[in-house]
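Read through the structure below, which is laid out as structure tokens, and then see the notes.
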Amino acid sequence: MGAGRAAAMALALLTPVAAQAQFSDGYNFLKAVKDADGQKVTDLVQKPGSTVINSRDVTSGETALHIVIARRDNTWLSFLLAKGANPDLADNRGNTPLMNAVQARFEDGVRTLLAGGAQIDKANGSGETPLIRAVQLRDVGLTRLLIGQGANADKRDTIAGMSARDYAQRESRTPGLVEAVTAAKSKPAPSGPVQGPVF
């Protein structure tokens, strides 16, 4: 009976180790980002052949960038972008980190993502662009920032078929919003094949 009890205790002690070993590097990476464990994140990213930097949560589709945007952590955002995180990966709802930064009114995050190469006009699952969302939020500062960085005020969403310019014109109660959007130059839709140089 003593040997059986010792074996059961040994098995009980080993079970947590075995369970922990079953988690993937991607899961461990995202958990370390959530826990703000810089050493563990660095160790996982620097593993030879590692691709964890763009790991996605299996239930939400969120990446590490989505996680740090949610906590408004510009230091971690800069760090992850410097390590090669893709700023254009969308979660399961089609929202990119840039869209989430706009939704959170996290201006420093918006600036950092744009400097890190985020596509400014990448739409979510409803066809809304970050600029459309900024206008819907009546955030004049973010609207000006996005327009200044070249956001297309005429790109239409798929829900209402409206552009940021259309939404701004509907919203006359917010001083400066219409002016911020009208500062954008109209971008004509491409027509026909794109012409390139002739060799």
For region 123-184: relative contact order, % (alpha-carbon pairs under 8 angstrom, 6 or more apart): 36
In Hz, Karplus ³J(HN,Hα) per residue of region 70-84 (6.51, -1.76, 1.60; θ = phi - 60°; x = Gly, Pro): 4, 9, 6, 10, 6, 5, 5, 4, 4, 4, 5, 5, 5, 8, x
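Assuming R0 = 25 Å, can you tell me the calculated FRET efficiency for the pair Ala183 and Arg72, based on Cβ-Cβ distance, to the nearest 0.05?
E between Ala183 and Arg72, to the nearest 0.05, is 0.35.
Read-outs throughout are calculated quantities, based only on the coordinates presented, and are distinct from any laboratory measurement. These numbers were taken from a predicted model, which means no experiment stands behind them. All Cβ positions, glycine included, derive from the backbone under ideal geometry; neighbour counts span all protein chains shown.
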